[in-house]
Every structure is written in structure tokens, then in C-alpha cells.
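J.: Here it is: the structure, laid out below.
The values are calculated or read from the model by the stated rules, or taken from the named source; none is laboratory data. If you're wondering where the values come from, they're calculated on a predicted model, not measured in any experiment. Note that we place each Cβ from the backbone using ideal geometry, even for glycine, and neighbour counts take in every protein chain shown.
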Amino acid sequence: MKSTGIVRKLDELGRIVIPKEIRKKLEISQKDSIEIFIDGRSIVLKKFESGCIFCSNSKDLILFKDKLICKNCIKNITNSAEE
Ligand SMILES: [Zn+2]
């Protein structure tokens, strides 16, 4: 793990601001979702990138009943339903 040398204090609600330079470097924009991981005694923050529920592909996604499915998987499902 690489240290950034940045130390930040939590506010009274436990919030922390991710420094602008880090957000810029990792292409994190306002309102992006951040996934929180725990690794031993460390907290790892990662930009949440959702993908197809079947193959994790993040291209050509369609939202169906609150789940993301890629066009390729839809095609495969349709084909196997027709057999
Ligand atoms: Zn898929």
C-alpha cells in the first residue's frame, strides 16, 4: 500500500474529505458511489463501478428490475429461453 502522506481528521459525524488531488487522480466525481472495504485494520475506499450481474461487464448495460444486465448476457438468456 502506498502512503499519500496526507493525514485528515474525522469530523464529529465520522466524515472525512477525500483530498481533491486524489479524487482527480482516480477520476472520482461528485455524487460518485464509493465502496468501503476492510483489510485487517485498514479501511479501503474504492470507486464503486457497477457492472452486469452475470459477467461484471460494464459496457452496454440495461437496467432490468433494479439489476444491471449487459446486452450480451440478455442475448444469451434470450437464446437459451428459445431452445
Ligand atoms: Zn453480462
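J.: Among the residues of segment 60-71, is there at least one that is outside the structural domain of I6 (by TED's automatic domain parsing) and either of a type in the set (F, W, Y) or under 12 Å from the mean Cα position of the chain (by Cα) (or both)? Steps first, please.
T.: Narrowing segment 60-71 to residues outside the structural domain of I6 (by TED's automatic domain parsing): 60-71.
Checking the rest, the ones that are also either of a type in the set (F, W, Y) or under 12 Å from the mean Cα position of the chain (by Cα) (or both) come to 64.
Yes, segment 60-71 contains a residue that is outside the structural domain of I6 (by TED's automatic domain parsing) and either of a type in the set (F, W, Y) or under 12 Å from the mean Cα position of the chain (by Cα) (or both).
J.: In addition: What are the residues in segment 38-73 that are away from the ligand (no atom under 16 Å from the Cβ), in a strand (DSSP E or B) and in contact with a strand residue (DSSP E or B) (Cβ under 9 Å, 6 or more places away or on another chain), if any?
T.: Answer for segment 38-73, where residues must be away from the ligand (no atom under 16 Å from the Cβ), in a strand (DSSP E or B) and in contact with a strand residue (DSSP E or B) (Cβ under 9 Å, 6 or more places away or on another chain): I38, I43, V44, L45, K46, K47.
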